[in-house]
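Notes to accompany the following structure.
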Amino acid sequence: MSDQRDYAVVVPVVAASYLPVTVARAKERLHIDASDDDADLDRTIRAAIKAVESDTGQVLAAATFRLQRPVLGNPIRLPLYPIRDVESITYLDLDEVEQTVSPSDWYWLPSASGADVYFVDSYAAPQVAKRPDAVRVTFEAGYDDPNSASEADPRLVFDERAELAVLSHVGTSYAHRESVVVGSTPADMTPVYRALVQQLRIFR
């Protein structure tokens, strides 16, 4: 029987405000001059980003998420990569009233697969409500916008291989756009795409 501390669900809170691969970049790569298909190309890019994220376990553009779990535990593992910041930790007490854990009682460290949140030794964990979402960790994950200047942590610099994977997916999907449903992955993805996502995949 699995430990309930291992049970966690991650839900999106605030979507990314930018595309790490733009329509202009895709048109340049695919040698498209006309603008007639820009809307379709935008949807294809968004689908490709989701596919690369699913295939690699990485978050390509900065967004906010909430991890929900039944207990506090120590550590709390955040299963997305890269983690940019941990904003807050809250929990439902026995009366199901939301309480906030003071930032002085916890800290987080990045890891190869995401990040771990630790509570300081002096922290006395309270009892929480018996709910699968009793503990909520709000955090930001994803790479910096590659289309904007940034002096952030090198860990957050958008990986060029991710861009190439997205563009490879877009190229194949665009070439088969009459037969591929937007949001799905063509069965004949190129060896280049498969090799890139294998290199980028986060193993947990």
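The values are calculated or read from the model by the stated rules, or taken from the named source; none is laboratory data. Treat the numbers as computed from the prediction; the structure is a model and nothing was measured. Glycine gets a Cβ as well: all are built from the backbone with ideal geometry, and neighbour counts include every protein chain shown.
Below is a table of values for the structure above.
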read-out	value
Residue pairs meeting the criteria (Cβ under 7 Å; at least 6 apart or on separate chains; first over 16 Å from residue 26 (Cβ atoms) and among the polar types (S, T, N, Q), in region 165-188; second modelled with pLDDT of 90 or more and surrounded by 22 or more Cβ atoms within 10 Å (Cβ to Cβ))	185/51
Residue match in region 91-98 (condition: closer than 29 Å to residue 155 by Cα, of a type outside the set (D, E, K, R) and surrounded by 14 or more Cβ atoms within 10 Å (Cβ to Cβ))	no
Hits in region 85-116 (condition: small (Gly, Ala, Ser) and either closer than 13 Å to residue 67 by Cβ or touching a Gly at 6+ places or on another chain (Cβ under 9 Å) (or both))	88, 113, 114, 115
Region 188-204 - residue that is surrounded by fewer than 17 Cβ atoms within 10 Å (Cβ to Cβ) and either within 20 Å of the chain's Cα centre (by Cα) or farther than 20 Å from residue 57 by Cα (or both) and, of those, modelled with the lowest pLDDT	188
Pairs, first without any contact (Cβ under 8 Å) to a residue 24 or more places away in the chain and over 30 Å from residue 139 (Cα atoms) in region 8-35, second of a type in the set (Phe, Trp, Tyr) and part of a loop (DSSP other than H, G, I, E, B), C-beta under 9 Å, six or more apart	none
Of the criteria (1) under 21 Å from residue 53 (Cα atoms); (2) at pLDDT below 95, which one residue 165 fails	(2)
Long-range neighbours under 8 Å by Cβ, at least six apart or interchain, first residue over 17 Å from residue 135 (Cβ atoms) and aromatic (Phe, Trp, Tyr) within region 105-121, second modelled with pLDDT of 95 or more and part of a strand (DSSP E or B)	none
Region 99-133, residues that are in a strand (DSSP E or B) and farther than 30 Å from residue 154 by Cα	99, 100
